[in-house]
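Contents: one structure, followed by commentary.
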Amino acid sequence: MKPEKRSYRKLQKPEGFKSFEVIVGESDLWIGVPEKFDCKALKREVENLVRDLRAQLNFYIEKHPEFLRSLKPVKVEELSPLIAKVMAQRCKDCSVGPMAGVAGAFNFFVGRKLEEVGVKEFLIENGGDIYIKRKLETLVLLLPPSREKRYALRIPPGEWGISSSSSKIGHSLSLGNTEIATVIAKDPILSDCCATHLGNSKSVEEALEKVKELPGEVKGALIVIDGKFVIKGEIAKPYLIKGA
């Protein structure tokens, strides 16, 4: 497969941070870290981790193909790789298949690796799924495919997973009719699974029902469907980017 063009990354320029990309197979991550860190050394650490995670997950899927195909939660053995176990655990919270949380899972483990080597603030973007740990507020731009105007979310300081799903763009499977469904939670695996769950909404009414059923750990959710916004939580209130 040819690498997907991610032109939106040109917009990712957080002040005081520098960035690097890690591409291993279908995994394509953009990582921002404070300027004092050596990106070459960090890139090697992250590349090794991503290769290892992919190998573990691919080996597990070879033995348990239902883990890849299922659109519902599946059980995994106690001795399964940790990445498979956390994906299987989190997908139960919103009744989707474990692969719904794969991008968030990679983001989570990369974040833990960065912390392990001394990086206390970071921004990780993986196919539009974001994991941040930052002392300052972060502006996250939303790009619904059919809208001329651009909207953004103000994400407060702290540790957050911000994940999006769409039935209009992207290569991930979606069964819904949403332009974009974005979920904000402390856990990036949970936000990824829940974004898939909301992205499968076929109508405004269905989206409203699904939003009500989200686990309490979800701090914000936003769905654009049939030209309308469905919003949960103060943190998910969008505002218009002037001039966009």
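Any chance you could count how many residues in the stretch 155-184 are part of a strand (DSSP E or B) and modelled with pLDDT under 70?
0
Are any residues in the stretch 21-40 without any contact (Cβ under 8 Å) to a residue 24 or more places away in the chain and either touching a helix residue (DSSP H, G or I) at 6+ places or on another chain (Cβ under 6 Å) or under 15 Å from Val110 (Cβ atoms) (or both), and if so, which ones?
Answer for the stretch 21-40, where residues must be without any contact (Cβ under 8 Å) to a residue 24 or more places away in the chain and either touching a helix residue (DSSP H, G or I) at 6+ places or on another chain (Cβ under 6 Å) or under 15 Å from Val110 (Cβ atoms) (or both): Glu21, Ile23, Cys39.
Being without any contact (Cβ under 8 Å) to a residue 40 or more places away in the chain, in a helix (DSSP H, G or I) and under 22 Å from Val74 (Cα atoms) is the filter here; which residues of the stretch 196-208 pass it?
The answer is Leu198, Gly199.
Just one of (1) under 19 Å from Asp93 (Cβ atoms); (2) in contact with a strand residue (DSSP E or B) (Cβ under 6 Å, 6 or more places away or on another chain); (3) modelled with pLDDT under 95 trips up Asp192, so point out which.
If we test Asp192 against (1) under 19 Å from Asp93 (Cβ atoms); (2) in contact with a strand residue (DSSP E or B) (Cβ under 6 Å, 6 or more places away or on another chain); (3) modelled with pLDDT under 95, just (3) comes out false.
Report yes if Ala55 is part of a helix (DSSP H, G or I), among the small types (Gly, Ala, Ser) and surrounded by fewer than 16 Cβ atoms within 10 Å (Cβ to Cβ), otherwise no.
yes
Would you confirm whether or not the stretch 104-123 contains a residue that is at pLDDT 85 or above, part of a strand (DSSP E or B) and either within 13 Å of the chain's Cα centre (by Cα) or farther than 23 Å from Leu57 by Cβ (or both)?
yes
Just give me the residues in the stretch 7-23 being under 22 Å from Lys133 (Cβ atoms), surrounded by 10 or more Cβ atoms within 10 Å (Cβ to Cβ) and modelled with pLDDT of 70 or more, in sequence order.
Result: Arg9, Gln12, Lys13, Pro14, Gly16, Phe17, Lys18, Ser19, Phe20, Glu21, Val22.
Here is a yes/no grid of residues against (1) at pLDDT 95 or above; (2) over 29 Å from Lys18 (Cβ atoms):
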| position | (1), (2) |
| --- | --- |
| Val33 | yes, no |
| Phe37 | yes, no |
| Lys40 | yes, no |
| Asn48 | yes, no |
| Asp52 | yes, no |
| His64 | yes, yes |
| Ala88 | yes, yes |
| Ser95 | no, yes |
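Among the residues of the stretch 187-206, which ones are buried (at least 24 other Cβ atoms within 10 Å of the Cβ) and among the aliphatic types (A, V, I, L, M)?
Scanning the stretch 187-206 gives Ile189, Leu190, Ala195, Leu198.
Quick one: in the stretch 124-154, which of the residues that are modelled with pLDDT of 95 or more and hydrophobic (A, V, I, L, M, F, W, C) is surrounded by the fewest Cβ atoms within 10 Å (Cβ to Cβ)?
The qualifying residue surrounded by the fewest Cβ atoms within 10 Å (Cβ to Cβ) is Ile132.
What are the residue pairs meeting all of these: first residue in the stretch 57-71, first residue without any contact (Cβ under 8 Å) to a residue 40 or more places away in the chain and closer than 22 Å to Val24 by Cα, second residue small (Gly, Ala, Ser) and assigned to a helix (DSSP H, G or I), Cβ atoms under 6 Å, and 6 or more apart or on different chains?
Tyr60/Ala84
Check Met99, Met87 and return the single one that is within 17 Å of the chain's Cα centre (by Cα), free of Cβ contacts under 8 Å to residues at least 40 places away in the same chain and assigned to a helix (DSSP H, G or I).
Met99
The values are calculated or read from the model by the stated rules, or taken from the named source; none is laboratory data. All values derive from a computational prediction rather than experimental measurement. Heads up, the Cβs are rebuilt from the backbone with ideal geometry, glycines too, and the neighbour counts pull from every protein chain shown.
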